[in-house]
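Comments concern the structure below.
The values are calculated or read from the model by the stated rules, or taken from the named source; none is laboratory data. Since this is a predicted model, take the numbers as computed values, not measurements. Cβ atoms come from the backbone with ideal geometry, glycine included; neighbour counts cover every protein chain shown.
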Amino acid sequence: MLPVYFSYSENTNNVLEIILDGKDGVDWDNTPNVKTIHVNGNPVALYDPYTRGMTNPLCGQIHVHTTNSDGSYPPKTVAAKMKEAGYDFWTITDHNFITPDPKVNDLIWLCNAYEDTRDTQHTNIYNIPALYNSNNINDIITHFVTNGNSYVMYNHPDWTPQFQPDTKIANVIKGLSFVEVFNITGTTETDRAFDILLSKGHRIWGVASDDFHNDSHLKKGWVVAYSASRDPNDIMQALLTGCFVSSSGFTVKNVELVGNTIKIDTGSPTAVTTFYKENMTALSTTTGKNAEYSITGNEMFVRAVIKEGNARCWVQPYFILSENTGLNEIDASNLKIYPNPFENILSITGAENSTLRIMNVIGVVVHIQKITGVNEPVDLQPLPAGMYFFCVEKDGQTKMVKGVKK
């Protein structure tokens, strides 16, 4: 199965649909992570990040520096320290420098990566072929994600003035895969930024990291991925689909969805579990080995943070997905794009007086256009060949169709 990506919309009232890369025969109608639960007899669709179960846990560090940037140790020494700390997989994210795998032990090398560093804007780029120079985060994301198979994490967002105190940056970023919820070099916990992005409609995952530069940073924050195997591709699959937890010293034993209830086995009688929905709204708080929350269907997402003393464990969000029903002003039966497949210019019918957003297979918006006529031409000559998703929005309603550029 290929990775799951999520679309972005500035209107958080709109349906934000899961987008799958349609290559290699992915079954769009039977995505394992998307489930239908019933609340008071009504069906509710949601995304369950832990569908495959919390088996084969692998501990990893994905924010690391060496003497190739501002770290204290050369790559081989850092590799030895990662191994001694108990990590199973890792990568190096030197500032504006791609450090290759030093290959000195049996640590699993996740992929080549680096930390793109621009004043207060720091982003980790994973699975990258080469460096790219830009001061615009959306340009960086577009370059690596749209034009390749890379993934982006927003680092220590508490460093960024736009997150303190307003939400400006959350309105303009598109296409992130991860954001740090813990970084030992910042104010450590950055739940507020995570919540801002989630509440703005971003579908991303929260990562804890050492941001390793020296010994004082070691084994302070990490991820535990529940991977199908020790193969780097399977580990990346687990990360991209949210099948992991983040930790600053404590890890839960199990998380599962039973009916419409999220059940967490903390493994500790003193652990304090708080479930949250959007806008940092606490839904419930429980002390003990077992904690649960029953989804009502009125949440955008539900996530949990477990505290054990000074240690934390972040459970990834369950996203509540609305079905495309009651389209009202948009007649779904009349919405068509043609020709399909198309070359450069196509026409769209049944979408008059609406906004058209076109996204690539990983949810990055590549074209926005106001549709005024009954039969409107759309010039997509600049776009490369591939699959695209045409999202028509009108009066708070949404309809999406697929198209292919030859």
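Observations on the structure shown:
- Strands (runs of 3 or more DSSP E) completely within segment 30-102 that count 1 or more residues being surrounded by fewer than 19 Cβ atoms within 10 Å (Cβ to Cβ) and either on the phi > 0 side of the Ramachandran plot or without any contact (Cβ under 8 Å) to a residue 40 or more places away in the chain (or both): 34-39
- Scanning segment 172-192 for residues that are of a type outside the set (A, V, I, L, M, F, W, C) and either part of a loop (DSSP other than H, G, I, E, B) or at pLDDT 60 or above (or both) turns up Lys174, Gly175, Ser177, Glu180, Asn183, Thr185, Gly186, Thr187, Thr190, Asp191, Arg192.
- Residue tally, condition of a type outside the set (Phe, Trp, Tyr) and under 17 Å from the mean Cα position of the chain (by Cα), over segment 124-146: 10
- Leu110 passes every criterion in (1) on the phi > 0 side of the Ramachandran plot; (2) at pLDDT 80 or above apart from (1).
- Among the residues making up segment 136-145, a single one is of a type in the set (S, T, N, Q) and crowded, with 18+ Cβ neighbours inside 10 Å: Thr142.
- Annotation note: of Asn105, Asn133, Asn149, the sole residue that is over 22 Å from Arg230 (Cβ atoms) and surrounded by fewer than 16 Cβ atoms within 10 Å (Cβ to Cβ) is Asn133.
- Single residue of Val378, Val365 found to be modelled with pLDDT under 85 and either closer than 16 Å to Gly175 by Cβ or not basic (Lys, Arg) (or both): Val365
- With respect to (1) surrounded by fewer than 16 Cβ atoms within 10 Å (Cβ to Cβ); (2) under 26 Å from Gly86 (Cα atoms), the lone exception for Lys263 is condition (2).
- Residue within segment 133-145 that is touching a strand residue (DSSP E or B) at 6+ places or on another chain (Cβ under 6 Å), assigned to a helix (DSSP H, G or I) and closer than 22 Å to Ile184 by Cα present: no
- From the options Ser354, Ser347, residue that is in contact with a Pro (Cβ under 6 Å, 6 or more places away or on another chain) and modelled with pLDDT of 85 or more: Ser347
- Residue that is nearest to Ala311 (Cα to Cα) [pool: residues in segment 256-294 that are assigned to a loop (DSSP other than H, G, I, E, B) and modelled with pLDDT of 95 or more]: Ala271
- Neighbours by Cβ (under 7 Å, 6+ apart or cross-chain): first from segment 112-137, closer than 14 Å to Asp101 by Cα; second part of a strand (DSSP E or B) and among the hydroxyl-bearing types (Ser, Thr, Tyr): Ala113/Tyr126; Tyr126/Tyr151; Asn127/Tyr151; Ile128/Tyr114
- Residue list for segment 296-317, restricted to those being modelled with pLDDT of 95 or more and not small (Gly, Ala, Ser): Val302, Arg303, Val305, Ile306, Lys307, Glu308, Arg312, Cys313, Trp314, Val315, Gln316, Pro317
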